[in-house]
Amino acid sequence: MASITDVVKEGLKYPFNDEKKVLTLGIIFLVSSLVSLAMEYLVFDNMRVLANIAPVDTFQAALSALPPSNMALIALSWIVTFILMLFASGYIYDVIKYAIEGKSELPEFSDIKRLLLNGVRSFIVGLAYSILPMILFFLGLMLTVNESVGASVNAIGGIILLVAIIFAIFVSLVQVMALCNMVDKDELAAAFRFKEILGLIKNLGWGRFIGILLFTVIAIMIISVFFGFIFGAIAGIISIIVGSALVMALVNMIPNSLLINPYVSIVISRVYGSIYKEASKTEASKTELETI
């Protein structure tokens with residue numbers, strides 16, 4: 001059984017097996033970031049328009065006052081960003097699959113249809129696993145901050161909020177194995193076989209499972225903060241020379257989207273797949289012992 005450090009070290013080295021594919025994924029992240037930046041500018045422009053004509057009596061009046069071209073471009077930007085993120089999620093799906101299968105190379109970008117389909121699967125799993133924690137969180141938050149309901153209800157809201165946070169952490173851990181189970185079985189339903197998923201985590205050991213994930217997060221945070229500081233400093237110097245905050249945002253965005261984001265995504269996905277592989281090995285060993 002591989003150690004915690006071995007799993008994480010292999011994941012950190014894995015993207016360097018094919019830098020071109022990492023860069024290709026980075027281009028997807030970069031285009032998505034640029035489209036999102038343009039969408040934010042259009043939203044800001046709409047808010048400026050509303051501020052200039054305030055007060056507005058109804059929502060319909062506010063909507064009619066906004067430039068139709070802005071609204072159409074915002075909708076288009078959201079659609080483009082969503083599709084690009086599905087495409088990236090589909091590639092991450094394949095990274096997990098390659099880790100489970102023990103392949104050392106990075107996946108190809110050739111089958112666009114399959115990547116989008118797998119991206120949709122990953123999106124559905126993420127959405128399904130986040131709904132209940134989000135409901136509990138917002139319920140607890142509303143009861144906590146609402147002064148009109150009384151101190152006792154505020155206290156209950158605080159308890160619900162705490163439970164929601166703990167539950168969200170638990171769900172996020174289960175979601176990791178659920179996503180990998182779906183990838184391995186290549187079917188969406190496998191992400192919701194909770195007994196099977198919890199059994200895999202139990203086989204690996206909750207302590208080891210959390211330890212690998214925690215070690216990965218710490219390693220990635222150190223790398224991200226280090227390079228983020230360097231890229232931020234470069235962006236700050238360039239913005240001072242040029243005298244533009246927009247230039248600073250763009251200069252900082254490009255290396256992060258092009259290099260850091262794809263690297264982090266691939267590392268995490270590789271570690272996820274490796275964790276599942278280790279859990280599956282343990283399960284197979286137990287099954288063999290039981291049949292002897």
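Assorted remarks:
- Contacts under 9 angstrom Cβ, first residue in the stretch 208-233 being closer than 18 Å to Gly11 by Cα, partner part of a helix (DSSP H, G or I) and acidic (Asp, Glu), 6 or more apart: Arg208/Glu278; Ile212/Glu278
- Residue count for the stretch 103-140 under the criterion of being in contact with a helix residue (DSSP H, G or I) (Cβ under 7 Å, 6 or more places away or on another chain) and outside any helix (DSSP H, G or I): the result is 5.
- Among the residues of this structure, Ile159 counts as one that is in contact with a Gly (Cβ under 9 Å, 6 or more places away or on another chain) and either farther than 30 Å from Ile254 by Cβ or open to solvent by 80 Å² or more (accessible area, probe 1.4 Å) (or both).
- Selection status of Met39, loosely packed, with under 15 Cβ neighbours inside 10 Å and either at pLDDT below 85 or in a loop (DSSP other than H, G, I, E, B) (or both): no
- Matching option when the condition is open to solvent by less than 70 Å² (accessible area, probe 1.4 Å), modelled with pLDDT of 90 or more and more than 30 Å from Asp94 (Cα to Cα), among Ala164, Ala168: Ala164
- Residue in the stretch 262-278 that is surrounded by fewer than 21 Cβ atoms within 10 Å (Cβ to Cβ), farther than 26 Å from Thr24 by Cβ, in contact (Cβ under 8 Å) with a residue 12 or more places away in the chain and among the basic types (Lys, Arg) present: no
- Odd one out for Gln60 among (1) crowded, with 19+ Cβ neighbours inside 10 Å; (2) at pLDDT below 75: (1)
Residue-by-condition table, conditions (1) more than 13 Å from the chain's Cα centre (by Cα); (2) among the acidic types (Asp, Glu); (3) open to solvent by less than 60 Å² (accessible area, probe 1.4 Å):
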{"residue": "Trp78", "(1), (2), (3)": "yes, no, no"}
{"residue": "Asp94", "(1), (2), (3)": "yes, yes, yes"}
{"residue": "Ile100", "(1), (2), (3)": "yes, no, yes"}
{"residue": "Ser104", "(1), (2), (3)": "yes, no, no"}
{"residue": "Phe123", "(1), (2), (3)": "no, no, no"}
{"residue": "Leu127", "(1), (2), (3)": "no, no, no"}
{"residue": "Leu139", "(1), (2), (3)": "yes, no, no"}
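The values are calculated or read from the model by the stated rules, or taken from the named source; none is laboratory data. As the structure is a computational prediction, the values presented were derived from the model and not from experiment. Here the Cβ is made from the backbone with ideal geometry for all residues, glycine too, and neighbour counts use every protein chain on show. Just so you know, the surface numbers come from the protein's heavy atoms only, side chains and all, with ligands and any DNA or RNA stripped out. Shrake-Rupley method; radii C 1.70, N 1.55, O 1.52, S 1.80 Å.
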